[in-house]
Amino acid sequence: MRIRLLAIDLDGTLVNDRLEMDPRDVAAVKAATGAGVTVVLATGRMFTSSLRYAQPLGLTGPIINYQGAVVREIASGEIWYRCELTVPMQQRVLALAEPKGWHVNTYLHERVYTARARPEADLYARIAMVPYEIVGPLSKWVKEDSTKMVLVSLEPADVPARMAELTAWMGDIGRVTRSLDWFVEVVNPEVSKSRALSMVVDRLGIERAEVCAIGDNLNDEDMVAWAGLGVAMGHAPDALKAVAKYVTRPIGEAGVAQAIERFVIGKEVPPLRP
């Protein structure tokens with residue numbers, strides 16, 4: 001069975017720490033679409049932030065944003081799926097984060113809101129390449145459902161402990177995951193990249209076994225495990241590599257291109273998940 005849909009994470013997979021895509025990876029993605037494969041970016045980024053990568057790749061179909069909280073079609077902007085954090089879910093996050101002085105972003109209608117300007121806000125804005133708006137204490141400002149929340153730390157070494165504490169605090173009220181070294185992300189507990197991807201393939205009439213998914217971090221684990229051919233980047237954590245069918249080269253060494261050339265547009269038959 002051949003690969004008909006290719007799902008690719010952005011940061012750490014297709015996008016390097018200079019916020020650029022390797023020309024070899026870009027060429028491979030375009031070759032896949034040219035061969036009739038549907039390419040879907042599956043990212044924690046906002047829709048507006050991910051467009052700067054989708055457009056150079058020539059993608060016009062579905063895109064998965066906010067860790068799977070929103071699926072929409074690029075060309076039309078039509079929203080296929082949305083599942084957000086309710087106000088009580090957001091307030092639960094803030095009840096832990098605000099007393100500790102942790103920096104939090106919340107997302108509403110493709111805009112980023114935070115309590116005050118600080119280096120953490122600037123770090124996020126630089127990476128996401130989107131501005132933020134200052135609204136004062138979020139616990140007093142939050143009145144609507146939010147697509148996701150992100151806790152930002154300037155010290156990556158602090159992130160695992162914060163993630164563990166927040167995970168225990170949220171329980172089944174929210175799903176906590178890690179995307180980049182500085183970010184802990186919180187979404188509705190029903191949200192995941194694999195769930196969003198499953199909805200996309202059902203709508204397009206594609207089988208799970210015909211899906212290849214490539215990722216590099218913990219927020220990609222469920223997607224890589226779900227896909228017929230799950231691929232982990234060479235620099236991925238061991239937990240992700242353990243659920244992958246194949247480990248490709250790391251970022252900076254055209255790992256995405258290697259996987260595409262070998263399994264998607266190449267002649268080698270991938271070890272597909274039943």
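Figure legend: label point modelled 7 angstrom from the Cα of Glu190 along Cα→Cβ; no residues of segment 207-225 have amide N under 12 Å from it. Result for the chain in a Gaussian network model with C-alpha springs under 10 Å: among Leu51, Leu197, Leu151, the largest mean-square fluctuation is at Leu51.
In the chain, helices alone account for a calculated mean residue ellipticity at 222 nm of -9000 deg cm²/dmol, with every DSSP H run of four or more residues adding -39,500 (n - 2.57).
Estimated from the Cβ-Cβ distance and a Förster radius of 22 angstrom, the FRET efficiency linking Asp158 and Val87 is about 0.20.
Give me log10 I(q)/I(0) at q = 0.15, 0.19, 0.22, 0.28 Å⁻¹ for segment 202-243, Debye formula, one equal scatterer per alpha-carbon, no solvent. Debye intensities relative to I(0), on a log10 scale: -0.33, -0.50, -0.62, -0.86. For the options Glu185, Glu20, Glu120, a Gaussian network treatment of the chain with springs between C-alpha atoms closer than 10 Å singles out Glu20 as fluctuating the most. Electrostatic tally near Gly61: other residues with Cβ closer than 13 Å to its Cβ, Lys and Arg +1, Asp and Glu -1, net +1.
Springs between alpha-carbon pairs under 10 angstrom, Gaussian network model over the chain: which of Gln90, Gln55, Gln67 fluctuates most? Highest fluctuation among the options: Gln55.
Which FRET efficiency, nearest 0.05, do Arg116 and Ala239 yield, Cβ-Cβ r, R0 30 Å? So the FRET efficiency works out to roughly 0.30.
On the accessible surface of the chain, probed at 1.4 Å, how many percent belong to carbon and sulfur atoms? Of all accessible area on the chain, carbon and sulfur atoms account for 52 percent. Counting only residues at least eight positions apart within a chain, or on another chain, the lysines with an alpha carbon under 25 Å from that of Lys245 are Lys30, Lys193, Lys267. Computed on the Cα trace of the chain, the radius of gyration divided by the Kirkwood hydrodynamic radius gives Rg/Rh = 0.96.
Entry comment: accessible area of the chain is 40 Å² per residue, from protein heavy atoms only and a probe of 1.4 Å. Normalising the average separation of contacting C-alpha pairs (under 8 angstrom, six or more residues apart) by the number of residues puts the relative contact order of segment 58-149 at 29 percent.
Amide H contacts of Leu41 (H built 1.01 Å from N, in plane; Pro and chain starts excluded): Ile8, Ile64 sit under 5 Å, all sequence-distant by 5 or more or on other chains.
The values are calculated or read from the model by the stated rules, or taken from the named source; none is laboratory data. Here the structure is a predicted model, which means the values were calculated and not measured. So basically every Cβ, Gly included, is an ideal-geometry build from the backbone, and we count neighbours across all protein chains shown. Areas reflect the complete protein model, heavy atoms only, side chains present, ligands, DNA and RNA absent. Shrake-Rupley method; radii C 1.70, N 1.55, O 1.52, S 1.80 Å.
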